[in-house]
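To start, the structure itself, in structure tokens.
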Amino acid sequence: MSSWDRHGSRAHEWEEHRHRRTHIPGYARITIAALLLLLFGTLAWQVLEFALHPAVKTAVAPRSLDGAQPGTSPWQRDAMDSIEQGLQQAQAGDLSSTEVAVDRAASMIEVARVQAQVADPTFFELSLDFLDRILAQRPNDQDLFEHVTLARIDLAGLRSSQETPVTMQAGKAPSGRVSIAAPHQVAANHLIDPTTFKGSYVDATLMPETSEIVLPPASRLFADNVRVENLTFEGASQTLDGVRWHNVTFVNTRLRYEDGELDLQNVHFIHCTFGLPSDPRGARLATAIALGQSTFVIE
């Protein structure tokens with residue numbers, strides 16, 4: 001057989017082989033057509049849904065941080081996006097993913113505090129609003145409540161970290177400064193004011209961070225009638241329960257609240273950290289601090 005004949009025979013065999021491979025049975029053609037019809041129908045329905053109900057995120061979050069503050073920093077947008085995702089997951093009933101999203105936002109907020117980042121007032125308002133809406137999806141879920149409350153406490157710490165009292169602005173030294181090296185014990189029915197320390201600015205930075213500045217009676221009840229007025233405290237720690245604080249500023253102080261009676265009248269927290277319970281009272285106090293409120297009462 002000539003070379004030409006061999007090549008022609010192979011070409012004929014290849015053509016028959018190609019025919020056999022490309023032959024599609026009739027039932028398969030019907031199945032493929034049905035699948036394609038289903039696919040195009042699904043795509044058409046999604047396009048119609050998008051036209052009738054634009055952007056789920058818009059329905060969930062009518063107020064956007066981007067729209068509220070054009071100069072908002074990237075970390076604020078990232079934190080808000082995470083909280084919004086938490087709301088979407090809560091609405092879908094996925095509480096585990098909701099808690100992860102809330103915790104992720106809380107971590108971003110804590111890092112911002114440590115790095116001395118400054119957040120816009122709108123950021124605090126929107127964050128707290130979305131946290132409220134997350135809880136509204138599952139108001140009786142204690143685990144979710146704790147995750148959300150811890151995020152509120154981080155917001156309170158961030159708000160405090162960017163506050164500056166007039167006495168610390170422009171390098172001004174506080175007037176009436178007096179240093180103490182030990183806790184000041186207070187009996188019932190006592191008023192603590194500048195005459196107590198012979199100065200209005202009490203510097204407790206020589207004390208250990210865990211030491212209490214003012215030690216009221218152990219009961220820590222309003223019935224003890226302990227009042228602290230017109231003072232600034234710096235450093236150390238302070239438990240707020242059971243004392244009536246009026247016109248007081250804390251600077252770089254570790255604040256504790258242990259679910260007791262609380263009376264804050266014109267009280268400011270400057271660069272402070274907070275140890276608050278993850279319960280309704282702790283959540284209320286954290287929210288008030290995060291919003292910059294200086295007056296707050298729990299009886």
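The values are calculated or read from the model by the stated rules, or taken from the named source; none is laboratory data. Not measured: the values here are computed from a predicted model. For neighbour counting, all protein chains shown are included, and Cβ atoms are generated from backbone atoms with ideal geometry for every residue, glycine included.
Assorted remarks:
- Members of the range 205-230 found to be surrounded by 19 or more Cβ atoms within 10 Å (Cβ to Cβ), aliphatic (A, V, I, L, M) and over 32 Å from the mean Cα position of the chain (by Cα), listed by number: Val226
- Any chance Gly282 is surrounded by fewer than 17 Cβ atoms within 10 Å (Cβ to Cβ), not assigned by TED's automatic domain parsing to the domain that holds Asn140 and not hydrophobic (A, V, I, L, M, F, W, C): no
- Residue count, the range 182-204 (criterion: surrounded by 14 or more Cβ atoms within 10 Å (Cβ to Cβ) and in a loop (DSSP other than H, G, I, E, B)): 7
- Applying the condition of being within 23 Å of Gln162 (Cα to Cα) and not in a helix (DSSP H, G or I) to the range 65-109 and asking which residue is modelled with the highest pLDDT yields Ser73.
- Filtering the range 98-117 to residues that are more than 14 Å from the chain's Cα centre (by Cα) and in contact (Cβ under 8 Å) with a residue 12 or more places away in the chain leaves Ala116, Gln117.
- In the range 212-227, the residues that are of a type outside the set (D, E, K, R) and in contact with a strand residue (DSSP E or B) (Cβ under 6 Å, 6 or more places away or on another chain): Ile213, Val214, Leu215
- Within this structure, Ala136 fails the test of being closer than 27 Å to Gly242 by Cβ and not assigned by TED's automatic domain parsing to the domain that holds Val248.
- Options Ile270, Ile289; residue that is touching a helix residue (DSSP H, G or I) at 6+ places or on another chain (Cβ under 6 Å), β-branched (Val, Ile, Thr) and within 16 Å of Gly157 (Cβ to Cβ): Ile289
- Test: residue in the range 173-180 that is out of contact with any Phe, Trp or Tyr (no Cβ under 9 Å at 6 or more places or on another chain) and modelled with pLDDT of 95 or more: yes
- Taken as a whole, the range 119-138 holds at least one residue that is under 13 Å from the mean Cα position of the chain (by Cα) and in a loop (DSSP other than H, G, I, E, B).
- Which listed residue is within 19 Å of Ile109 (Cα to Cα), free of Cβ contacts under 8 Å to residues at least 60 places away in the same chain and out of contact with any Cys (no Cβ under 8 Å at 6 or more places or on another chain), from Arg284, Arg220, Arg254: Arg284
Here is a yes/no grid of residues against (1) out of contact with any helix residue (DSSP H, G or I) (no Cβ under 6 Å at 6 or more places or on another chain); (2) surrounded by fewer than 19 Cβ atoms within 10 Å (Cβ to Cβ); (3) under 17 Å from Thr205 (Cα atoms):
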residue	(1), (2), (3)
Thr232	yes, no, yes
Gly235	yes, no, yes
Gly242	yes, no, no
Thr249	yes, no, yes
Arg254	yes, yes, yes
Glu258	yes, yes, no
Gln265	yes, yes, no
